[in-house]
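Before we start, here is the structure in question, set down as structure tokens.
The values are calculated or read from the model by the stated rules, or taken from the named source; none is laboratory data. Fair warning: this is a prediction, and the values are worked out from it, not measured in the lab. Glycine gets a Cβ as well: all are built from the backbone with ideal geometry, and neighbour counts include every protein chain shown. Please note that ligands, DNA and RNA were not included when accessible areas were found on the heavy atoms of the full protein model with its side chains. Shrake-Rupley method; radii C 1.70, N 1.55, O 1.52, S 1.80 Å.
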Amino acid sequence: MHDIRIIRDDPAAFDAALARRGLAPMSPEILALDADRRARIAAAETAQADQNKASKEVGAAKARGDDAEFKRLRALVGEKKSEIAAMQAEADALDAQLRDLLMTIPNLPLDSVPDGADEDDNVEIRRWGEPPALDFQPVEHFEIAGVRAGMDFATAAKLSGARFVLLSGAVARIHRALAQFMLDLHVTRHELTETWTPVLVLTEMMEGTGQLPKFGEESYQTREGWWLIPTAEVTLTNTVHGDLVDQATLPRRMVAHSQCFRSEAGSAGRDTTGMLRQHQFEKVEMVSITHADAGLAEHDRMTRCAEAVLEALGLPYRTIVLCTGDMGFGARITHDLEVWLPGQGKYREISSVSYCGDFQARRMNARYRPTEGGRPEFVHTLNGSGLAVGRTLIAVLENGQRADGSVDLPAALHPYLGGATRLSAEGRLV
């Protein structure tokens, strides 16, 4: 959410930043609401002063026996009380209206973010690794002979409908090994704190990280009102919801492996085959909570944490910075990691690492107490996939595939698979 004071101070700059995201100016509407709200508050304060003054004079009129003045002043006190209640109600309504409007406006991009309309305008920062030189025509993950028996879309569709998968046998074990490997890497090498969180959250938590109110159709809500998390970003970031923490406790660097749930609204016709786009999937999510001076350095650090997973698995990837038109709602800058998929012959997203500034913190009212003293300030938040487990499984299978339908597995996974180094064409770990 945005600081109304910044919009008041420089509405032109605010609208210019929105324009970079392809949005029309919003400061006139915001400032009009703000002016009406402030006018009601000022009027209520004036009426309160009049009421206080009349209340004092009531006693004096009664003491001197001026019955007419006593009655007039007492009536005036009642009138002012009604006026104050009405104006306060109007101010509260306008305040709620203003807050609701601000909650729907995306974060403002950093100056360094490239301008652009969509993914075609994203800018590559670097590449790592070379796509494997295969002497056969590669296929997509679900077409690999050794994978077919352990990746069952038909049974999943019978159970749950489209965009679900049932993993079994060796494929399920590789999937589990990937999540375990990622957690261990982040905890031991990157010194993130492993965390296990609920997957059901309150509406306020979804509002805090920006999934609500604007993107409710992209998530699932239960009859009881809980929301299924689209990523552990929601739970990890909201651990400081409403809190005032000491600066000495920052940064807080957390990692969680969780089930994630997305309705994939608006994605009809996109990646309908295979595991690339599912309603239920798993991610290893990283979240950092820090302060303004450390935000950008923390963003670079988190990006490297995600890149390290791909490098340890030997998966070729490229890192890009998203343009203003392709960046997520809550981000000020985002790095996407795209892994090479031989079956598709292209790089596909496997991680997004975003720096949100104090945007989420304002929604959560999450602040820190500066070490040197002074007024509390809002924390700054970051989140990133480290990595999406299902998409990493796809990348491992496709990059390791061999002409006979077997799959060579990354050395980093061997200890997690009882020493097995390969998925055979028959679907066994060997």
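How large is the charge dipole for the chain, taken about the Cα centre, if only the Cβ atoms of Lys, Arg (+1) and Asp, Glu (-1) carry charge, to the nearest 20 debye?
Working: 48 positive and 62 negative charges, 214 e Å.
Value, rounded to 20: 1020 debye.
Please label the shape of the chain as rounded, prolate or oblate, based on the square roots a ≥ b ≥ c of the eigenvalues of the alpha-carbon gyration tensor (a/c under 1.5 means rounded; beyond that, a/b larger than b/c means prolate, else oblate).
In terms of gyration-tensor shape, prolate.
Moving on to the next point. Rounded, prolate or oblate: which fits segment 78-177 when a ≥ b ≥ c are the square roots of the eigenvalues of the alpha-carbon gyration tensor, with rounded for a/c under 1.5 and prolate only if a/b beats b/c?
In terms of gyration-tensor shape, oblate.
Moving on to the next point. Taking only complete DSSP H runs, can you tell me which helices of the chain stretch 24 Å or more along their own long axis by Cα positions and average at least -1.0 on the Kyte-Doolittle scale? Write out the running numbers ahead of the final one.
Numbers: long enough: 27-63 (54 Å, -0.50); 67-103 (54 Å, -0.24); 169-188 (28 Å, 0.64); 295-312 (26 Å, -0.22).
Both cut-offs are met by 27-63, 67-103, 169-188, 295-312.
While we're looking at this one, here's another question. Which pairs, out of Lys158/Lys283; Lys283/Lys346; Lys158/Lys346, put more than 28 Å between their alpha-carbon atoms?
Among Lys158/Lys283; Lys283/Lys346; Lys158/Lys346, the Cα-Cα distance tops 28 Å for Lys158/Lys346.
May I ask you to give the percent of accessible area on segment 97-141 that is carbon plus sulfur, with a probe radius of 1.4 Å?
That fraction is 45 percent.
Using a basic spin-label model with each label point 7 Å from the Cα along Cα→Cβ, how many nm lie between Thr371 and Glu45?
3.7
In whole angstrom, how far apart do the alpha carbon centroids of segment 134-197 and segment 319-353 sit?
20
Between Lys283 and residues 5 or more places away or on another chain, which pairs have amide H atoms under 5 Å apart, with H built 1.01 Å from N, and which residues are they?
Ser258, Cys260, Val389
Go through 13-20, 382-389, 318-325 and give me the packing order, highest mean Cβ count within 10 Å leading.
In decreasing order of mean packing, 13-20, 382-389, 318-325 become 382-389, 318-325, 13-20.
Let me ask something else about it. Which whole-Hz couplings ³J(HN,Hα) result when phi for each residue of segment 418-430 is put into the Karplus expression 6.51 cos²θ - 1.76 cosθ + 1.60, θ = phi - 60°, listed in order with x for Gly and Pro?
x, x, 5, 10, 8, 9, 6, 5, 8, x, 10, 7, 9
Over the chain, what is the relative contact order in whole percent, taking alpha-carbon pairs under 8 Å and six or more residues apart?
Relative contact order, the chain: 20 percent.
Near Lys53, which lysines are there with a Cα under 25 Å away, not counting those fewer than 8 places off in the same chain?
In chain and number order, the partners are Lys62, Lys71, Lys80, Lys81.
I want to verify a result. In a Gaussian network model of the chain, Cα cutoff 10 Å, which of these has the top mean-square fluctuation: Glu130, Glu233, Glu282?
Of the options given, Glu130 has the highest mean-square fluctuation.
Taking only DSSP H segments of four or more residues, each worth -39500 (n - 2.57), what value at 222 nm results for the chain once the sum is divided by all its residues, to the nearest 500 deg cm²/dmol?
After summing the helix terms and dividing by residue count, I get -13000 deg cm²/dmol.
Pop the C-beta distance of Asp408 and Arg189 into the FRET formula with R0 = 25 Å and round what comes out to the nearest 0.05.
Rounded to the nearest 0.05, the efficiency is 0.55.
Going by a ≥ b ≥ c, the root eigenvalues of the Cα gyration tensor, does segment 314-363 fall in the rounded group (a/c under 1.5), the prolate group (a/b larger than b/c) or the oblate group?
Prolate, because a/c is 1.5 or more and a/b exceeds b/c.
If we count every other residue with Cβ under 12 angstrom of Arg277's Cβ, Lys/Arg +1 and Asp/Glu -1, where does the sum land?
Working: positive: Arg163, Arg262, Arg270, Arg348, Arg391; negative: Glu264, Asp271, Glu349.
Local charge sum for Arg277: +2.
I've got another one for you. Place +1 on the Cβ of every Lys and Arg and -1 on the Cβ of every Asp and Glu in segment 303-430, take the dipole about the Cα centre, and give the residue among Phe378, Gly357, Leu310 whose Cα lies farthest towards its positive end.
Final value for the positive-end residue is Phe378.
Which order do the peptides 340-346, 362-368, 22-28, 160-166 take when ranked by the mean count of other beta-carbon atoms within 10 Å per residue, highest first?
By packing density, highest mean first, the sequence is 362-368, 340-346, 160-166, 22-28.
Accessible area per residue, 1.4 Å probe, Å², for the chain: what's the number?
46
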